[in-house]
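As structure tokens, the structure follows; a few thoughts come after it.
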Amino acid sequence: MRRALIIPIATLGIATVVSIVTIVGTGQPASRPAPREGQRVRLVERDLDIPAHAAPGDAPVPFRFASGTFAHSLSADGDTGWIQLRGERTDGEEAVGWVVPRYIQTPLTAGPTTTGGDTTLDLDWCPAKGSPDPPANGSLRLATWNVENLHARDGQSTYGSPRPSVTRRALDYQRIRCYVRLIDPDVIAVQEIDGADALGRVVDRDVYDVHVSDRARAPNLNGRQNTGFAYKKGLDVTELPDFAALDVSRGGLRHGTRLSVSYGDERLQLMSVHLKSGCFADTSTGPDCGRLRQQVPVLKEWIDRQSAGPDPFIVLGDFNRRLTEPGDTIWADLDDHQPVNADLTAATEGMSVDCRDNRFATFVDHIVFGARSIRFVDRSTFRQVNFRPADRPFWDRLSDHCPLVIELMAP
């Protein structure tokens, strides 16, 4: 039986490594050098991701590394030429496995490149993952982000011709996750998520649990744009049934995703919404406005019911409406000050847009508080998180929306 010779790379000179690394199945010297021990390398981009094996030469594939991501080399097998890596699995978790050398992109450098105009391919700016526990002082950081047609698989478009939606590669999902880490929300409401698998690719699954709308995805319906939440595992959260009544078109519109969160002695009732697009202001006309105006009394009824109940509420998401424009009639319908605790405050009111190149000067994403929840809010913490100028070539693969963030003070 052939025995695998595993040699720590650090103990070899580079010439020795080159001479012993062989192409699998040929026994011939490889044409590429092995990475150094501890060197950061990038895996190639491929649709099927990168097969990882438990040992050099093994046929079974217990998991796959996410293609296009970065990994660290641990050792090289002198008999097969396979490389042991520590890197990111397709489910976002870290793992160790053996790969065939051809899946490691050359040249073997860990520094920045200029491929496609990206000077930060290695994402060195990316923050470390946060803690699964909320802040010890009892504060709570909330965020909302429409992540624009986030599909669960590399290279897949949520919608095809004639207007195909954005497709992403593994590095794009990783970059989105870096922005989530940058925000470090305790709870983030999301929109345009295909499902839990898609959301799980852009948050650290050992930090966050995910809850996504369970509406049916019937063929030819707008069933792949869903609302949802990711929330830190250390929070006391109850996942609640969808608020399906927002789908006034019997399958074509998004549900509200709901959960309750323990906050001091309170239970905050949160809902992530994505209302009908195409009726952004009072000057808009057409059938989209008719659908939006059907949704408004439904949402208002939920707000009134929550106002009469025992818990404070917050509505977060893409309202597809410039609610804070003076005299907006949709906002007037929602915020009619009845009942008393339904007196609403939009965190975006009076705030400046800071998203991409500010093509749109007014918010359509909002975080809306009732009278009992606004008292917890530190208004000075509101911000819109713009994308880094260095990521400009990839803005369209991040999202056409930027996240909103606000913090609740300790109760």
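Read the figures in this text as sums done on the coordinates, not as results from a lab. Note that this is a predicted model, so its numbers are computed, not measured. Every residue, glycine among them, receives a Cβ derived from its backbone with ideal geometry; neighbour counts consider all protein chains shown.
Here the Debye sum runs over all C-alpha atoms of the chain as equal scatterers in vacuum, and log10 of I(q)/I(0) at q = 0.10, 0.13 Å⁻¹ comes out as -0.72, -1.07.
Applying the criteria of a DSSP loop state and at most 12 other Cβ atoms within 10 Å to the trypsin sites (Lys or Arg not before Pro) of the range 295-386 yields Arg359.
Applying the criteria of a DSSP loop state and at most 15 other Cβ atoms within 10 Å to the chymotrypsin sites (Phe, Trp or Tyr not before Pro) of the range 337-393 yields Phe360. Taking Lys and Arg as +1 and Asp and Glu as -1, the other residues whose beta-carbon sits under 10 Å from that of Leu48 total -1. Comparing Pro326, Asn149, Cys279 along the charge dipole axis of the range 140-408, the residue lying farthest to the positive side is Asn149, per the Cβ-charge model.
Computed from point charges on the beta carbon alone (+1 for Lys and Arg, -1 for Asp and Glu), the dipole magnitude for the chain about its Cα centre is near 1140 Debye.
In the chain, a dipole from Cβ-located charges (positive for Lys and Arg, negative for Asp and Glu) runs towards its positive end, and of Leu270, Ala189, Trp302 it is Ala189 whose Cα lies farthest in that direction. Within straight-line reach of Lys233, meaning a Cα separation under 25 Å, sit the following lysines at least 8 residues removed in sequence or on another chain: Lys129. Other residues whose C-beta falls under 10 angstrom from the C-beta of Leu292 contribute a net charge of +3, scoring Lys and Arg +1 and Asp and Glu -1.
Across the chain, C-alpha contacts under 8 Å between residues 6 or more apart give a mean separation that, scaled by the residue count, equals a relative contact order of 13 percent.
Summing charges over all other residues whose Cβ lies under 11 Å from the Cβ of Gly278, with Lys and Arg as +1 and Asp and Glu as -1, gives +2. For the range 164-286, averaging the sequence separation of C-alpha pairs within contact (under 8 Å, six or more residues apart) and dividing by the residue count gives a relative contact order of 21 percent.
Setting aside same-chain residues fewer than 8 positions from Lys276, which lysines have a Cα under 17 Å from its Cα? Within the straight-line limit of under 17 Å, Lys276 reaches these lysines: Lys300.
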